[in-house]
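Peer 1: Once you've had a glance at the structure underneath, I'll fire off some questions.
The values are calculated or read from the model by the stated rules, or taken from the named source; none is laboratory data. All figures in this text were calculated on a predicted structure; none of them were measured in a lab. Neighbour counts are summed over all protein chains in view; Cβ atoms, including those assigned to glycine, are modelled from backbone coordinates with ideal geometry. The area values use the complete protein model at the heavy-atom level, side chains included, leaving out ligands, DNA and RNA. Shrake-Rupley method; radii C 1.70, N 1.55, O 1.52, S 1.80 Å.
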Amino acid sequence: MKILYVVNKSKDAESNLGKEVLDTILSLGYEVFTLDGKYGPKAKDMRDMDFAVILGGDGTIIEFAREFKEFGLPIFGINKGRVGALAVSELSNYKHYLEKIKNGDYKISDRITLEASFNGVTEVLFNEISITGVDNKLGNFFVVVNDTYENSFYGDGLLVSTPTGSSAYNYSAGGPLLLETNSSYVLTPICPQFIAFNSVVFSQNDEISIRICKNDSVASCDGCNKYQLSKDDEIKIKVGKTKLRLISFDERNTLYGAIYKIAKSIYKD
């Protein structure tokens, strides 16, 4: 099998860990390719790769998925970050899982993404889009769902999250946890002026629009790309065609698995 091997350089400045993991991968009989030629030959065509092995944290996985989304390459994450909610393995057990993949004992979990369109731009969202006021000013956001339901929100901002992103900013803001197998997505107000306005869960067929009614705002897409928004700018959001493809295994997991990882990460050095 052909592997695209990706290492977060900031997590492995001296390359010792990257080389150690590489040696293990090669010992299992995998053919290894890279993006930059550091740990092996450069991949000439991403479509020839069977899957990607990413040594890093959630940010590394999301950044890779965003940059190479058109290829739909399955991702096997080895956590070297703080949380690692998207990484199926740790440094202590990654060889075990690579052996299972080699034997065909794995599956691919396809998670939904969202598309957010505004001001001539369309962003694919793997986690969420956050829309917040500038300079700590209160925002007024007008939301329409399927041209049928509507509501105005006053507050610090709004979050629209995928199931993957529901355990991150959304959960911290009081939103619900969506299982990764869910095809729904969630809108959560950030510190709404009227506390009764809480999260709303939408189906995969629902489309929403958010209009900026007061004060300039900033839209942050997966914490990567940020855009300035002005009064009357409108954002349209729906479930996208792109999938976040993660390698997984037939194992029992805790209901709040991603949340437990976050809790444990607090005590990491």
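Peer 1: Suppose the filter is at pLDDT below 95, open to solvent by less than 80 Å² (accessible area, probe 1.4 Å) and closer than 23 Å to Arg82 by Cα; does Ile262 pass it? Can you show your working first?
Peer 2: Working: at pLDDT below 95: yes; open to solvent by less than 80 Å² (accessible area, probe 1.4 Å): yes; closer than 23 Å to Arg82 by Cα: yes.
Yes: the conditions hold for Ile262.
Peer 1: Does segment 42-56 hold any residues that are surrounded by 23 or more Cβ atoms within 10 Å (Cβ to Cβ) and not aliphatic (A, V, I, L, M), and which are they? If you could, list the steps in order and put the result at the bottom.
Peer 2: First, the residues of segment 42-56 that are surrounded by 23 or more Cβ atoms within 10 Å (Cβ to Cβ): 52-56.
Answer for segment 42-56, where residues must be surrounded by 23 or more Cβ atoms within 10 Å (Cβ to Cβ) and not aliphatic (A, V, I, L, M): just Gly56.
Peer 1: List pairs: first residue in segment 163-174 and in contact (Cβ under 8 Å) with a residue 24 or more places away in the chain, second residue of a type in the set (Val, Ile, Thr) and open to solvent by 50 Å² or more (accessible area, probe 1.4 Å) anywhere in the structure, Cβ distance under 8 angstrom, at least six positions apart or on different chains.
Peer 2: The qualifying pairs are Pro163/Thr181; Ser167/Ile262.
Peer 1: Give segment 82-124 a look and list any residue that's closer than 17 Å to Ile54 by Cβ and touching an Asp or Glu at 6+ places or on another chain (Cβ under 6 Å), or say none.
Peer 2: Val83, Ala85, Leu86, Arg111
Peer 1: Considering (1) open to solvent by 80 Å² or more (accessible area, probe 1.4 Å); (2) in contact with a strand residue (DSSP E or B) (Cβ under 9 Å, 6 or more places away or on another chain); (3) β-branched (Val, Ile, Thr), say which one Thr148 fails and leave the rest.
Peer 2: (2)
Peer 1: Restrict the check to segment 32-50 and report whether at least one residue is modelled with pLDDT of 95 or more, touching a helix residue (DSSP H, G or I) at 6+ places or on another chain (Cβ under 7 Å), under 25 Å from Glu251 (Cα atoms) and of a type outside the set (Lys, Arg).
Peer 2: No, every residue in segment 32-50 fails to be modelled with pLDDT of 95 or more, touching a helix residue (DSSP H, G or I) at 6+ places or on another chain (Cβ under 7 Å), under 25 Å from Glu251 (Cα atoms) and of a type outside the set (Lys, Arg).
Peer 1: Taking Phe64 as the residue in question, decide whether it is surrounded by fewer than 18 Cβ atoms within 10 Å (Cβ to Cβ), under 17 Å from the mean Cα position of the chain (by Cα), at pLDDT 95 or above and not aliphatic (A, V, I, L, M).
Peer 2: Numbers: surrounded by fewer than 18 Cβ atoms within 10 Å (Cβ to Cβ): no; under 17 Å from the mean Cα position of the chain (by Cα): yes; at pLDDT 95 or above: yes; not aliphatic (A, V, I, L, M): yes.
Answer is no for this residue.
Peer 1: Considering (1) farther than 15 Å from Ile237 by Cβ; (2) out of contact with any helix residue (DSSP H, G or I) (no Cβ under 9 Å at 6 or more places or on another chain), say which one Ala116 fails and leave the rest.
Peer 2: For Ala116, the failing item is (1).
Peer 1: Give the number of residues within segment 189-212 that are open to solvent by 80 Å² or more (accessible area, probe 1.4 Å) and assigned to a loop (DSSP other than H, G, I, E, B).
Peer 2: So the count comes out to 7.
Peer 1: Please go through segment 62-85 and pick out each residue that is in contact with a Phe, Trp or Tyr (Cβ under 9 Å, 6 or more places away or on another chain) and either farther than 22 Å from Leu26 by Cα or of a type in the set (A, V, I, L, M) (or both).
Peer 2: Scanning segment 62-85 gives Ile62, Ala65, Arg66, Lys69, Leu73, Ile75, Ile78.
Peer 1: If I ask for residues that are under 13 Å from Asp156 (Cα atoms), modelled with pLDDT of 90 or more and of a type in the set (A, V, I, L, M), which ones from segment 180-204 would you list?
Peer 2: Once the filter is applied, which keeps residues that are under 13 Å from Asp156 (Cα atoms), modelled with pLDDT of 90 or more and of a type in the set (A, V, I, L, M), segment 180-204 yields only Ile190.
Peer 1: Of Tyr39, Tyr30, which residue is touching a residue at least 40 places away in the same chain (Cβ under 8 Å) and either open to solvent by 50 Å² or more (accessible area, probe 1.4 Å) or farther than 30 Å from Ala116 by Cα (or both)? Outline the logic, then answer.
Peer 2: Values: Tyr39 fails: touching a residue at least 40 places away in the same chain (Cβ under 8 Å).
Matching residue, one of Tyr39, Tyr30: Tyr30.
Peer 1: Can you tell me which residues in segment 154-187 are surrounded by fewer than 22 Cβ atoms within 10 Å (Cβ to Cβ), farther than 23 Å from Lys243 by Cα and either of a type outside the set (Gly, Ala, Ser) or within 13 Å of the chain's Cα centre (by Cα) (or both)?
Peer 2: Passing the criteria: Tyr154, Asp156.
Peer 1: State all residues of segment 213-237 that are open to solvent by less than 30 Å² (accessible area, probe 1.4 Å) and farther than 17 Å from Asn140 by Cβ; if no residue qualifies, say none.
Peer 2: Result: Ser220, Cys221, Asp222, Ile237.
Peer 1: Kindly indicate the residue of segment 105-119 that is hydroxyl-bearing (Ser, Thr, Tyr) and in a strand (DSSP E or B) and also least open to solvent (accessible area, probe 1.4 Å) among those meeting that condition.
Peer 2: So in segment 105-119, the residues hydroxyl-bearing (Ser, Thr, Tyr) come out as 106, 109, 113, 117.
Those left that are additionally in a strand (DSSP E or B): 109, 113, 117.
Numbers: Ser109: 27, Thr113: 1, Ser117: 44 Å².
Looking at the filtered set, the residue picked out is Thr113.
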